[in-house]
Each structure stands twice: as structure tokens, then as C-alpha cells.
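Here is the structure we will look at.
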Amino acid sequence: QVQLVESGGDSVQPGGSLRLSCAAKGTFWRVDFMAWYRQAPGKERELVARIHNNTPQTYAESVRGRFTISRDMGKNEVYLQMNSLNPEDTAKYFCQAEIKPLWTSPLTTFWGQGIQVTVSS
């Protein structure tokens, strides 16, 4: 059983910072890509940032230069450092990971439950 457990969501004022964490828990062979998505009310879920091993691959244009994705491969954890937050960053943030449950398994996509980030004065 694989679970992605997110933490770090909160309410902050514009200009503030937050750090989200996500840990892959359970028994599995390997974690490949890890990513953060977000979904604001009435909008589609969008990719925020994605990382492969320790190399960030992708940032949404709206967060580039403000958000940083990083990873602790030994702990199977991924982080999202969010700086200069603005109200448009308000959304539910989801951790996603592509994991091989067994060495013979194909990569399987797993999602966390999501955590709320609210930016408001």
C-alpha cells in the first residue's frame, strides 16, 4: 500500500512564504518522478512543478522564480518552497508521484489527498 502524505498547508498574507512537504509511505520498489499540482475553486488542476531524481524538470510560468521544488531521495520526500505568495496562489495543492510498487511493476501514478493553501490579507 502506497500513500502520499502532504503537510505544510496554511493561510498566509500576500508576500509570505510556505513550505509544503510530501512523503511517500508504504512498501514500494522505487519512486520516479514527483510533482506538485494545484486546483483552485472552479478551475482545472494544473501542474505547479515536477522533479526527476534531484533535477527540477518543470515549473508553471506563474510560479517560476517564486517556487522551488526539491527532493530528499533517501526519505522519498518532495518539497515545495513557495515565496512571494499572492492571492492567485490560493488553491488545494496535491502531491503526485510515479512509483514502481514492485520491481516488475510498471510506473503507477499516486496522488495525495491535497492540502489547502490560502493567501489573503
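Residue-wise test of (1) free of Cβ contacts under 8 Å to residues at least 40 places away in the same chain; (2) touching a strand residue (DSSP E or B) at 6+ places or on another chain (Cβ under 9 Å); (3) not polar (S, T, N, Q).
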{"site": "4", "(1), (2), (3)": "no, yes, yes"}
{"site": "9", "(1), (2), (3)": "no, yes, yes"}
{"site": "17", "(1), (2), (3)": "no, yes, no"}
{"site": "56", "(1), (2), (3)": "yes, yes, yes"}
{"site": "72", "(1), (2), (3)": "yes, yes, yes"}
{"site": "97", "(1), (2), (3)": "no, yes, yes"}
{"site": "100", "(1), (2), (3)": "no, yes, yes"}
Completion exercise
Residue count, the range 67-118, condition open to solvent by less than 40 Å² (accessible area, probe 1.4 Å) and in contact with a Leu (Cβ under 8 Å, 6 or more places away or on another chain), comes to 16
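Only one of 13, 39 is under 19 Å from residue 114 (Cα atoms) and in contact with a strand residue (DSSP E or B) (Cβ under 8 Å, 6 or more places away or on another chain). Can you tell me which?
39
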Problem - Cβ pairs under 7 Å, 6+ apart, first in the range 30-46 and free of Cβ contacts under 8 Å to residues at least 40 places away in the same chain, second outside any strand (DSSP E or B) - result: 46/60
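The values are calculated or read from the model by the stated rules, or taken from the named source; none is laboratory data. Computed from a predicted structure; not experimentally measured. FYI the Cβ positions are ideal-geometry reconstructions off the backbone, even for glycines, and counts take in every protein chain you see. With ligands, DNA and RNA removed, areas are computed over all heavy atoms of the protein, side chains included. Shrake-Rupley method; radii C 1.70, N 1.55, O 1.52, S 1.80 Å.
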